1. Identify, by number, the condition in (1) surrounded by 15 or more Cβ atoms within 10 Å (Cβ to Cβ); (2) modelled with pLDDT under 95 that Glu134 doesn't meet.
2. When only residues in the range 94-115 that are buried (at least 18 other Cβ atoms within 10 Å of the Cβ) and among the aliphatic types (A, V, I, L, M) count, which is farthest from Val70 (Cα to Cα)?
3. Determine if the range 99-120 includes at least one residue that is over 19 Å from Cys73 (Cα atoms) and touching a Cys at 6+ places or on another chain (Cβ under 8 Å).
4. Against the conditions (1) modelled with pLDDT under 50; (2) surrounded by 14 or more Cβ atoms within 10 Å (Cβ to Cβ), where does Thr41 fall short? Just the number, please.
5. Answer yes or no as to whether Trp118 is open to solvent by 60 Å² or more (accessible area, probe 1.4 Å), aromatic (Phe, Trp, Tyr) and modelled with pLDDT of 95 or more.
6. Can you tell me how many residues in the range 174-183 are touching a residue at least 24 places away in the same chain (Cβ under 8 Å) and either of a type in the set (A, V, I, L, M) or over 14 Å from Pro157 (Cβ atoms) (or both)?
Amino acid sequence: MKPPTTLRPAARDAMRTCAQGYTGRPGRQESARDRSGAGRTPWHHVQLAALTLLLSATALPARAVDGCLVLLCFAAPSWKAIPQCVAPIRQVLRDLARGRPFPTCGMSGPGNSAVHRWSNAPDFCPPQYTIVVEGESAPIYSCLYLGAVAVAINGAPFAQTWWNMAGQTVTDFSAEAKAQLGTWDTTFDDDYAAWLAIQPIPGPPPPCHDC
């Protein structure tokens, strides 16, 4: 796993959009210094500042999970590395396991969203996490993960986090997300590479006698 380091300008803008949409507070205009990367703030410092702002802006009922905070956490390179994210994400995963609805964020700004979908192997389950058992008449498929939370930033797919009953998660980051983040939790990619490496190599096609 690669530790989160710096936040690139595009990712910083996406984070600012979410935070502004939630709090209604304008952010400062990006300077040439920001765009050049000079004095760039480490990702976890920016993330913590945004999360602290969200937490201080809203008083939540006991055990409630804030959808805007969840959106920010699922968009992070690794929610486990951000202390403010650990309890809310674990709570929302417990809620999903108990059949409770996924929280929404009505003030995240246009094009920014997080939605949940239950897995359904083999159609909606990554191949490296799909289990196949030969049945009497057809293969029987199951998925190691119960569902996935898909995050969109500025209208484009950003990350899809798969979760299981034990609260374990892996995140599939889009190519655009990887370009913006610079570093991310590579567990999903590593698992896929390991699965791909053990797949049988297709043999040559059968000879064509009627060609």
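1. The single condition Glu134 does not satisfy is (1).
2. The qualifying residue farthest from Val70 (Cα to Cα) is Leu96.
3. Yes, there is a match, as at least one residue in the range 99-120 is over 19 Å from Cys73 (Cα atoms) and touching a Cys at 6+ places or on another chain (Cβ under 8 Å).
4. Just one mismatch for Thr41, condition (2).
5. yes
6. 5
The values are calculated or read from the model by the stated rules, or taken from the named source; none is laboratory data. Not measured: the values here are computed from a predicted model. Using ideal geometry, Cβ is built from the backbone for each residue, glycine included, and neighbour counts are taken over all protein chains shown. Heads up: the accessible areas ignore ligands, DNA and RNA and are worked out on the full protein's heavy atoms, side chains in. Shrake-Rupley method; radii C 1.70, N 1.55, O 1.52, S 1.80 Å.
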